Amino acid sequence: MSTDPFAQFKAVQREAWALFVPIAASTTPAAAALVEFAGAAPGQSVLDVGCGTGVVAVTAARAGAHVRGLDLSPVLLEEARRNADLAGVAIEFSEGDVEALPYPDGAFDTVLSQFGHMFAPRPDVAIAEMLRVLKPGGRIAFSTWPPEMMIGRMFTLVSAYLPPPPGVAAPPQWGDPATILQRLGDQVRDVEFYREEMRFPALSPRHFIAIMEQSAGPVVKVVAMLADDPLRLAQFRDEFAALVDKFFARNIVHQSFLMTRATKI
Ligand SMILES: C[S@@+](CC[C@H](N)C(=O)[O-])C[C@H]1O[C@@H](n2cnc3c(N)ncnc32)[C@H](O)[C@@H]1O
């Protein structure tokens, strides 16, 4: 019997994120940016937390690193293994939780997470684990969604319709540099931030929403919850469309994401 107070929340997340495969095409270029920003070098041991379909893990392995990837979703891990095979790289992928990493202290030169650890319910637990498995002098680097950008605001909208259980931190908090500095605390030095653009192709704001409804875990959940309430579902979609419209131009949803890197003391 699990002693994790968020076991049920994570079980729901595991199921909801399983549909993410089509969206990984959009996180693939961002993975290259994060691996470069982190300075992952040949021969280094690298962990990709919340690896999904392995976009960061495969990119780091192709750059010559020895990589492990971890994710809640066994469905996404199967896709990650296929992607590693296609790339001709050997990566050990494991099912697991960033709040309880199955690795010894100081096991990695670099710990990465692209839009992954930000979904753990307890940021302090997640970051403590990521820093625990990092060697002193090693690099932690992650990409997150700023609260004022489209995806950050999408998560805020989803939470208004489907509030998370008590004690679950809002994911877009991880996109705020002041919050990140506070969460990294005095275990790191040389914290640096950098913003990159992400471009998501879509034919219209409603087309983008349809893609999110099929593949983005939190949106999948809210739409399922509203299935028997057509008026409220229509209201959610209208609010979502008004938001996407602000970021939509020339068949692209444009927005920036935040990359953070720091060195463990
Ligand atoms: C937005 S997807 C990002 C996937 C991948 N890193 C990418 O950039 O394409 C979020 C990922 O975080 C994973 N995730 C969510 N909560 C997690 C947790 N507590 N521990 C490990 N992985 C988690 C999900 O299963 C999902 O694969």
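The values are calculated or read from the model by the stated rules, or taken from the named source; none is laboratory data. These numbers come from a predicted model, not from an experiment. Glycine gets a Cβ as well: all are built from the backbone with ideal geometry, and neighbour counts include every protein chain shown. These accessible areas exclude ligands, DNA and RNA; they are computed on the full protein's heavy atoms, side chains included. Shrake-Rupley method; radii C 1.70, N 1.55, O 1.52, S 1.80 Å.
Quick rundown of the values:
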quantity: Segment 25-60, residues that are open to solvent by 30 Å² or more (accessible area, probe 1.4 Å), of a type outside the set (S, T, Y) and within 16 Å of the chain's Cα centre (by Cα); calculated: A25, P29, A32
quantity: Condition broken by W174, with the remaining ones in (1) closer than 24 Å to V55 by Cα; (2) out of contact with any helix residue (DSSP H, G or I) (no Cβ under 7 Å at 6 or more places or on another chain) satisfied; calculated: (2)
quantity: Exclusive hit being more than 13 Å from the ligand (Cβ to nearest atom) and either on the phi < 0 side of the Ramachandran plot or touching a strand residue (DSSP E or B) at 6+ places or on another chain (Cβ under 6 Å) (or both), set A24, A41, A32; calculated: A41
quantity: Among the residues listed as F142, F108, F93, F119, the single one being free of Cβ contacts under 8 Å to residues at least 60 places away in the same chain, buried (at least 16 other Cβ atoms within 10 Å of the Cβ) and aromatic (F, W, Y); calculated: F93
quantity: Any hit, segment 71-84, residues being over 24 Å from A216 (Cα atoms) and surrounded by fewer than 24 Cβ atoms within 10 Å (Cβ to Cβ); calculated: no
quantity: Checklist (1) out of contact with any strand residue (DSSP E or B) (no Cβ under 9 Å at 6 or more places or on another chain); (2) in contact (Cβ under 8 Å) with a residue 40 or more places away in the chain; (3) not polar (S, T, N, Q) applied to R206, failing item; calculated: (2)
quantity: First in segment 21-35 and assigned to a helix (DSSP H, G or I), second anywhere and open to solvent by 50 Å² or more (accessible area, probe 1.4 Å), Cβ under 6 Å, 6 or more apart; calculated: A33/E196
quantity: Selection from segment 39-53 of residues that are within 17 Å of V89 (Cβ to Cβ) and touching a Leu at 6+ places or on another chain (Cβ under 8 Å); calculated: A40, V46, L47, D48, C51, G52, T53
quantity: Flag if Y161 is open to solvent by less than 30 Å² (accessible area, probe 1.4 Å) and of a type in the set (S, T, Y); calculated: yes
quantity: Any chance A63 is open to solvent by 20 Å² or more (accessible area, probe 1.4 Å) and touching a helix residue (DSSP H, G or I) at 6+ places or on another chain (Cβ under 7 Å); calculated: yes
